[in-house]
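Values in this text are rule-based calculations from the coordinates and carry no lab data. None of the values given here were measured: they were computed from a predicted structure. Reconstructed Cβ throughout: ideal geometry from the backbone, glycine too, with neighbour counts over all protein chains shown.
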Amino acid sequence: MKTMKLTKIFCLLVLSISSSVLAQKQEKKNILFIIVDDLRPELNCYGNDYMVTPNIDKLAEGGVLFENAYVNQAVCSASRASFLTGVRPDVTGVDYPYSKYFVEEFLSTHKTISSYFYSKGYYTRNIGKVHHGKYDRPLTEKRFSSKLNKYADPENASFKKNQKTKSKLKGPAVEAIDVEDESYQDGEAVVEAMATLDRATTSGKPFCISVGFYKPHLPFNAPKKYWDLYKREAIPLAPNRSLPENTQEELKELTTTHYSLSKYVGEKYQEGVMYSDARSKELRHGYFACVSFIDAQIGKLYKKLEEMDVLNNTTIVLIGDHGWHLGDQGMWGKTTNFENATRIPMIIMDPDLKKTGVKTKALVEAVDIYPTLIDLSGVEEEIPTYLEGTSMKPVLDNPKKQWKKAVFSQFPRGTLASIEGYSIRTDQFRYTEWWDNENKKFIGAELYDHKIGDIEDRNVVADDKYKKNVEELSIALKKGWKAALPKGVVNTSDNPLAPRSVPVGSESKGRLKQWEKYIKKKEAKGEEPIYYLKPAIYENQKAQ
């Protein structure tokens, strides 16, 4: 009897010690990082009451919503390469898709967010579209990627196979079919994410799970029930359906992008001609339906965290990888320096927030997420000095805090990105300069005053009353992001510029041909190919 009592006491002590050890392990916060492709801040919690986004709204109610968050380059590969590694596009060297240098050299010496937390003892996994491609290592569990077709309708799914011509069309731009969420890639990914969360929470380790959603990326496919949330006749059209007034001739082809819908069945884009109202509303309806579909998947993840009772020790970050033009400036896509392409939704929930359900106007960048997660996690380690972002923890503690003077984005154009537009966004202005990097030549500039409107429909760079603003913004742009950091914040990173972007992966074929042409052209002239191309904006500060 006495032996049984001693055994019972011993077991209770072991359980007590085990619980204590588990509690110590769980002092580090869990992380759920949600990345949504092509998501604009056109959400109910951002003031668009026609949007049906109750679950994202719930995150905003329990967290801090950033009204002025921006990516550093508005295309999925460059944006993700930047915020997942915590450095800017000139350092990653990624344009579209990922580059040879980034994959073969940079990633071997610079940990991504997932691999960083893996090295700190976290249970890590990437689910869905996190990286732009299969570049997730090391992780606790192998990356999950759905094998489902993008279309749930069998006829649409077999569209390419059934084409009788050599057309490169992918299929319809929209699909509304009465199926379950799991019939689409993102629905299946959430099922896998919830199973992964179960395994992670029983591992005794804190987790860092990243879930990347493909929608609302084209094609705009979602179960019919999400289409039914919107009445098409009530859907608003873009308020600025043409190029900004006073766009100089040299910039018209550089500032814009029109190719996104050219791959899909439907009304064709014609230069200088807007889509019909009917086509525009159909596309916007599809986009909104996809947003609500993703909102529902986010709701499932949140509910899972509630059921597992881990919300009180979990940081949730929700962002878009860039914005999207839904007819704005006459465009349907991203890949620009405009507000609609570079501004993203960003919401952070954290158990240590002093205030929740608040909004901040602080200017922040996607590259700031990496150091912020380290700061919030309880890892108790100094933030790596090579990171080029700034922890947003002071803003989370005080959403009204004065923060960055400006944020920065860029976008390349032309063969091998020989032309690039660099953009600075302050609380009032967006100013962009376009440069020919190879010939060190200034091409032109854009200036949009957000005090006279947020739709960037008028380029005021040539207006006399903005002359001083242009001079000041040009200087600030060339001084760069370090000069715009918050008061008292210093960044000591000294990263080398990456070589020009030689693409890798399944989407690299066309761009590799451009490289081959470029090299042959240089050799024919007896010249050396330029593999490193320093941005002319920084070499020609007095060119204007």
Among the listed pairs 268/334; 100/517; 120/487; 111/509; 147/509; 440/509, which have their C-alpha atoms separated by more than 20 angstrom in this model? 120/487; 111/509; 147/509; 440/509
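Based on the inverse mean of 1/r over its pairs of different Cα atoms, what is the Kirkwood hydrodynamic radius of the stretch 266-338, in Å?
The Cα-based Kirkwood calculation yields 15.3 Å.
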Using the count of nearby Cβ atoms within 10 Å as a rough guide to exposure, how do 349, 308, 392 rank from fewest to most? 308, 349, 392
Roughly what % of Cα-Cα distances in the stretch 291-405 sit above 16 Å, to the whole percent? 69
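May I ask you to compute the full-extension gain from residue 401 to residue 514, defined as 0.36 nm times their residue separation minus their alpha-carbon distance, rounded to one decimal in nm? Display every interim value, and only then the final one.
Details: separation 113, 0.36 × 113 = 40.68 nm, distance 4.70 nm.
Full-extension gain reported as 36.0 nm.
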quick shape note, the stretch 142-237: Cα extents on principal axes in Å, largest first -> 54, 38, 23
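May I ask for the equivalent-ellipsoid semi-axes of the stretch 341-484, computed as the square root of five times each C-alpha gyration tensor eigenvalue and listed largest first in whole Å?
32, 20, 13
Work the Kirkwood hydrodynamic radius out for the stretch 447-544: mean of 1/r over every pair of different alpha-carbon atoms, inverted, in Å.
Numbers: mean 1/r = 0.0557 Å⁻¹.
For the stretch 447-544, the Kirkwood estimate is 17.9 Å.
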Here the gain from full extension of residue 452 to residue 358, 0.36 nm per residue of separation minus their alpha-carbon distance, amounts to 31.3 nm
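Rounded if a/c is under 1.5, else prolate if a/b beats b/c, else oblate: with a ≥ b ≥ c from the C-alpha gyration tensor eigenvalues square-rooted, which is the stretch 57-166? The partial results should precede the final answer.
Working: a/c = 1.62, a/b = 1.40, b/c = 1.15.
It comes out prolate by the Cα gyration axes.
Just rank 65, 416, fewest to most, by other beta-carbon atoms within 10 angstrom. Walk me through the numbers before you get to the answer.
Numbers: 65 24, 416 20.
Result, fewest neighbours first: 416, 65.
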Spherically averaged projected area of the chain from its Cα convex hull (nm²): 29.3
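Ranking 80, 430 by Cβ neighbours within 10 Å, fewest first, what do you get?
Numbers: 80 28, 430 24.
Taking fewest neighbouring Cβ atoms as first place, the list is 430, 80.
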Net charge (Lys, Arg +1; Asp, Glu -1) of residues whose beta-carbon lies under 15 Å from that of residue 278, residue 278 excluded, is +3
Net charge contributed by nearby residues that have their C-beta within less than 10 Å of residue 200 (K/R +1, D/E -1): +1
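Among DSSP beta bridges whose residues both lie in the chain, state the antiparallel percentage, nearest 5. Write down the numbers at each step before the final one.
On the way: 35 of 68 bridges.
Counting DSSP beta bridges with both partners in the chain, the antiparallel share is about 50 percent.
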With a sphere of radius 14 Å drawn around the Cβ of residue 155, what net charge do the other residues whose Cβ falls strictly inside it have (Lys, Arg +1; Asp, Glu -1)? +2
